[in-house]
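Have a look at the structure below before the remarks.
We did not get these values from a lab; they are worked out from the coordinates using the rules stated. Everything numeric in this text was worked out from a predicted model, so none of it was measured. Cβ: placed from backbone, ideal geometry, glycine included. Neighbour counts: every protein chain shown.
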Amino acid sequence: MTIPSIVGLLTAAGLAALFCAPAIAEPAGAARSDQECAELLERWATDPKVAPRRVINACKDQLAAAAPAPYSPPPAAVADVDPCTGPDAAGSVLCWGPWSAIAPAAAAAPALPQLPEGVDDCAASGRIADQCVPLLVQTEPDPPLDRCTPGTPCGFATIVSGITSSGDVEDTSFGRITVAADGSQFSIAPEAGGSIDSVTGMSTTVTPRADGYGNLRATGQSGDEQSRLVARVVQDGDGDLLLAADVWSHGNRAAGPASAQSGYFAWGMATSQAGLDALKAGNVSLNFGGPMSLDNSTVAAMTLNMGASPTWTGTWTNPAWSFGAGGGISGVDLISRPDQFSSNVTGNSFVQGAILGEPGNQGIAHIIDVTLDGPGRIKDVGLIRQVPALPGVIQP
């Protein structure tokens, strides 16, 4: 046999041995470490012939048995749980706060400390300032005239001496007026005290007008006492007055005109509490407008923004002047805030009013007492009615 033939046979025999022998010689019962098994499985993932199937399965079982148990977080520490947020918070001593001393049995509750004005909720709570939004409580100023009660008659009047109903602004005062439902009687309580009472049982006539009002004329006399109302009115289905505004007078004929008193007024039934609740729940905006009574050339316009914290804004426009104001609404009462007047308003000025009527048919009775740069002091009383929203028109 030639040398090449011998080499060829040896080579063929070697290749046959290589392909027929197992990739790794495995003595029976050979044990491997976890690291060796891991390395073997890593090689087997790219070369399935690196080891017999029984060796690979054995390594898989070995590593699976040695795997750690699934991680389970430790229970939260007591400090991480708020005991005052659960259903048993009211009965948990952890929610009652610290005691400086044990309270004696049946002791009265300690008085709360009086915080100075301007201290907000953040300062009182001791929280870090940059983690807290101050809770500023806006309190309404006290109105110069008494407040109105929802669902009851409410109105305002100017008062001057004589029978002309108008006079010098410095001699004009305000009062609260009440008018009988049939217009046959009225009573005025001046802000300075006392009362002005009309005669009872005045005769009344009401004639219709094109603008939705009626013209009321009521006159009466008892001895030398005489009383009069001349007003635009809105009536309900039974003929009772819901809104009324304009002129009143009362005097004694024997004492002469100088003893008489007169003025202008705006009056109506204040909105009921149910009506107020409906307006607030609806978060509605209501627009009102109309002329003032003493000076008909002055036109008032007011917008009420109802909701949880209702507010109002208004303007009064005259050919010779104008001004703006705003404030909050408390019940049916509207009272101006000093910082919401337009810049031309000076001095101790105010606007006070009340919401009248029920939703859908409402008005505002109000008085203005403002001092303006240039024109000086102005006083007037007005009844303005709700302006319905027109389709396709955006109300201011």
Hey, for a label at residue 207 modelled as a point 7 Å past Cα toward Cβ, could you say which residues of the stretch 220-259 have their backbone N under 18 Å away?
-> 220, 229-235, 245-247
Under the Karplus relation with 6.51, -1.76 and 1.60 and θ = phi - 60°, whole-Hz ³J(HN,Hα) for the stretch 293-298, x at Gly and Pro, equal 8, 5, 10, 5, 7, 8
If every Lys and Arg gets +1 and every Asp and Glu gets -1 at its Cβ, then about the Cα centre the stretch 249-384 yields a dipole, in debye to the nearest 20, of 180
Divide the volume of the convex hull of the Cα atoms of the stretch 273-386 by its number of residues and quote the answer in cubic angstrom per residue.
-> 84
Report, by chain and number, residues whose modeled amide H sits under 5 Å from the one on residue 272, excluding near sequence neighbours (fewer than 5 apart, same chain).
-> 151
Honestly the stretch 153-269 on the Cα gyration tensor test (a ≥ b ≥ c root eigenvalues; a/c under 1.5 rounded, otherwise a/b vs b/c for prolate or oblate) is just prolate
